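Colleague: First the structure, which I've put down as structure tokens, then a few questions once you've had a look.
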Amino acid sequence: MRDFLQSLCDRTRAGAYCGRAKTFDRYLHERTRVGFGGVGTVRRGRDANVRFTLSKLSCVTLRVRRGDKLVHVRRLVLPRGLRALTYRPPRAGRYTVQVQAVDLLNHYTRVTKPLLVRQRT
């Protein structure tokens, strides 16, 4: 699409085509923006809802660590927008949740936040 619009821009010098071609070009070279406020606190045995936003289509990897040990990995391709993945921690304790997004040109963005899991009451 970018190349088609650039070709139209070169031939017509119309601002509509030139502006859109620049927008598509910029989009290809920018990293995915990941909005991730964290998970907060959950109870053991309950789902932790990991909500985040993506600025563009990306391969997303959710990693959960307890200390240095990797306890959960989930990878899938997601479109832009508000997304949510779940993880059910089996034990109480402190975890680290990481959301990594990789776009089509292999630019990656990682965001890491803590997760506190409490005992059931």
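Here, each number is a calculation from the coordinates, and none is a lab measurement. Just so it is clear, the structure is predicted and the values come from calculations on it, not from any experiment. Cβ coordinates were reconstructed from backbone atoms using ideal geometry, including for glycine residues, and neighbour counts include every protein chain displayed.
Colleague: Each residue of segment 29-34 in order: what ³J(HN,Hα) in whole Hz does its phi give by Karplus 6.51 cos²θ - 1.76 cosθ + 1.60, θ = phi - 60°, with x for Gly and Pro?
Modeller: 9, 8, 6, 5, 8, 10
Colleague: A further question follows. Near residue 113, which lysines are there with a Cα under 20 Å away, not counting those fewer than 8 places off in the same chain?
Modeller: Partners found: 69.
Colleague: How many angstrom lie between the C-alpha centres of segment 52-107 and segment 5-43?
Modeller: Centre-to-centre distance over Cα atoms comes out at 23 Å.
Colleague: Here is a follow-up. Per the chain: cysteines with no other Cys C-beta under 4.7 angstrom?
Modeller: 59
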